[in-house]
Amino acid sequence: MSDLLHRRTISRQGRAGSEQGSAGFPAVRMRRLRRTAPLRQLLRETVLSPADFVYPIFVTHGNGVRLPIEPMPGQFQLSLDHLLEEAAEAESLGVRAVLLFGIPSQKDSVGSEAYDPQGIVQEAVAAIKHATDMVVMTDVCLCEYTDHGHCGVLSANDGESVDNDATLELLARTAVSHAEAGADIVGPSAMMDGQVTTIRAALDDAGHGDVAVMAYAAKAASSYYGPFRIAAGSAPRSGDRRAYQMDGANAREAIRELGQDVAEGADILLVKPALAYLDILAQARERFDHPLAAYNVSGEYSMIKAAGANGWIDEQAAMMETLTSIKRAGADVIITYFAKDAARLLREED
C-alpha cells in the first residue's frame, strides 16, 4: 500500500471508527475471526439444529406404497406402513415434528375425505402418535380433496368462485377430526378470512383446547408450489387461487394478515413460501412475539435438487445456506423437505 493510500485509509477508517466508538483498519481486521473452522463455528450467530425442522410427508391409502414424486427427488407418496418407517427415521435423526398431507381415495366437490374421521390423514395421525413421540402437525385445507382443486367449496351462485363462509365450517370439521385423531397442531392453509377464529372456536367447543393452531397467515399465490401440486394432485381444474391467496407484491398486507391471525387466536404464525419472502419473515419477527414458522416449499426444494443433480451447484452447501437464511431471517420453525438430509449432515458435523 502506498503511503498516500495508507494515510487515506487510516483517515477514513479512523472517522468511521470514531463514529462507532472503536478503531478502524488496520487495527481492526474482520478476517481474524474467520481464519479457522473452529473459530467460525464458535462465533456463528445462526445455528441450525434438527429440532428446528418439520418434515412434510404425503400419505396415501394402501399397503406397501412408496410412489416417487417425480419433480421432488427423494420424496414419496407413502402408505401407512412406509409412513411409520419414514417418521421413525426422521425421529432418529433428531427431527421432532412431521406435517401430514393426505392423498384421498376419491375426490368430490366438497372435499369430504378431508373431514372424514376414517380419512387417510386421520389414520396417519393416530398411527404416528402411537408409534413415535413426534409432534404431529396437519394441513387443514380442501385442495387435495376436491375434484375442482380449489381450497374451499365453490359458490352456488356462479360455480367458480370460492365461497369463503361456507368453507369455514368444513375447515373447522377437518381440524376437529385431526384433533380427535391425536394431532398436536393444526395448520389452516386455505387462506379463508376467519379460518383461525372459526377453527379455534370449534376446537374449544369439542374439548380440544390444548390443540394449537399454526396459521398460514402470510401465504402468497406462488409459482413455487408447482411440484407440490403434482405430488398432491391439487392443481385447480380451472382458474387459479389468486382471489384468496395473497399477492406476493404486498408486504404491508402480509403484516395485516399476520396481525389478524394473532387477533383471532393463532398460536404459531407461518410465512409461505420462505425464500422469496424472507423480508416478510424478518418484518414478522420484528413485530410479533409469537413463534414464527416458515415453509421451505416444494419449488425451492426442487430447484436445489435439480441444480445439484446437474452439477451446477453443491447441493448440500446450497441446502444448508438456504435453511440458515430462513432461520437468520427469524424463523423458529422451518418446514422443509430437506429435514432428514439436513439433520443427517448436522449430525455428521458434530
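Taken together, the values in this text are just the output of simple stated rules run on the coordinates, not laboratory data. The structure presented is a predicted model; accordingly, all values stated were derived computationally and were not measured. Cβ atoms come from the backbone with ideal geometry, glycine included; neighbour counts cover every protein chain shown.
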- Query: In the range 56-96, which residues have a backbone nitrogen under 18 Å from the label point lying 7 Å from Ala306's Cα in the Cα-to-Cβ direction?
  - Reply: 69-76
- Provide the per-residue ³J(HN,Hα) series for the range 94-111, in order, calculated from phi with Karplus coefficients 6.51, -1.76, 1.60 and θ = phi - 60°, each as a whole number of Hz, with x at glycine and proline positions. x, 7, 9, 8, 10, 10, 9, 10, x, 10, x, 6, 8, 10, 8, 5, 10, x
- Please identify the chymotrypsin sites (Phe, Trp or Tyr not before Pro) of the range 52-128 that satisfy two criteria: DSSP loop assignment and at most 14 other Cβ atoms within 10 Å. Which are they? none
- Query: What full-extension length gain, to one decimal in nm, is calculated for Ser109 and Glu321 as 0.36 nm per residue of separation minus the Cα-Cα distance?
  - Reply: 72.2 nm
- Task: Report the normalised scattering of the range 265-350 as log10 I(q)/I(0) at q = 0.16, 0.25 Å⁻¹, calculated by the Debye formula with identical scatterers on the alpha carbons.
- Result: -0.63, -1.20
- Enumerate lysine pairs in the range 50-349 that are 8 or more residues apart or on different chains, then count those whose Cα atoms are under 29 Å apart. 17
- Query: What nm distance separates the two modelled labels at Glu349 and Ala206, each placed 7 Å from Cα along Cα→Cβ?
  - Reply: 4.0
- Item | Part-to-part distance (alpha-carbon centres) for the range 314-345 and the range 269-291, which is given in Å | 16
- Net charge of neighbours whose Cβ lies under 10 Å from the Cβ of Phe101, counting Lys and Arg as +1 and Asp and Glu as -1: -2
- Message: Give me the extension gain from Ala263 to Ala251: residue separation times 0.36 nm, minus the current Cα-Cα distance, reported in nm with one decimal.
- Response: 2.5 nm
- State, to one decimal in nm, how far the label point of Ile313 lies from the label point of Arg35, with both points 7 Å from Cα in the Cβ direction. 3.3
- Out of the range 30-96, which trypsin sites (Lys or Arg not before Pro) are coil in DSSP terms and have no more than 16 other C-beta atoms within 10 Å? Arg35, Arg44
- Could you give the distance between the Cα centres of the range 31-101 and the range 150-218, to the whole Å? 27
- Message: Kirkwood Rh over alpha-carbon pairs of the range 50-349, then Stokes-Einstein at 37 °C and 0.692 mPa s: what D in µm² s⁻¹, rounded to an integer?
- Response: 172
- the range 205-307: trypsin sites (Lys or Arg not before Pro) in DSSP coil with no more than 12 other Cβ atoms inside 10 Å: Arg237, Arg242
